[in-house]
Amino acid sequence: MAARGEAEFLDLRRVVVAEPQTGDAMRILALEIYDDGSAIRWALPSGPGPMPASPEAARLNPLGFIPLPLRDDVGTHYYYAGMLGGTTHGAAGGGISFYTPAIPDEASWLEVLVGEEFVRFELELTE
């Protein structure tokens, strides 16, 4: 893996599409698997979302997002590495959140926590 910020997330190995989700919450669209990390693509349905708790909270985190926790079946500790995208309050939008390290080859699934629900990605290739 290159030094942080130097050629990270350039070698895309594969994309796993999420099962469709419904409701007003953030929707997870896909998992991108890179040689040196992973990325979660997400979308927000249109309509008003929750307002930040305070003006200070709105300034520091205008979208009200926290990193989406990840877990797998081999106990890897994933670290949030940044985000691209977003939206303004009340509008549909989306983005991508990046994580390191790379998903181990021996992992058979990865889950993303959204609110109080997990979205699971099956990682084993079927042929």
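Things worth noting here:
- Potential lengthening of the chain between residue 17 and residue 105 amounts to 29.9 nm, from the contour at 0.36 nm per residue minus the alpha-carbon distance.
- Net charge of neighbours whose Cβ lies under 13 Å from the Cβ of residue 113, counting Lys and Arg as +1 and Asp and Glu as -1: -2
- Residue-level accessible surface for residue 113, protein heavy atoms, 1.4 Å, Å²: 50
- Residue 104 sits among other residues whose Cβ lies under 10 Å from its own Cβ, and their net charge, with Lys and Arg +1 and Asp and Glu -1, is -4.
The values are calculated or read from the model by the stated rules, or taken from the named source; none is laboratory data. Since this is a predicted model, take the numbers as computed values, not measurements. Note that each Cβ is placed from the backbone with ideal geometry, even for glycine, and that neighbours are counted across all protein chains shown. Remember, those area values only see protein heavy atoms, side chains included, never the ligands or the DNA or RNA. Shrake-Rupley method; radii C 1.70, N 1.55, O 1.52, S 1.80 Å.
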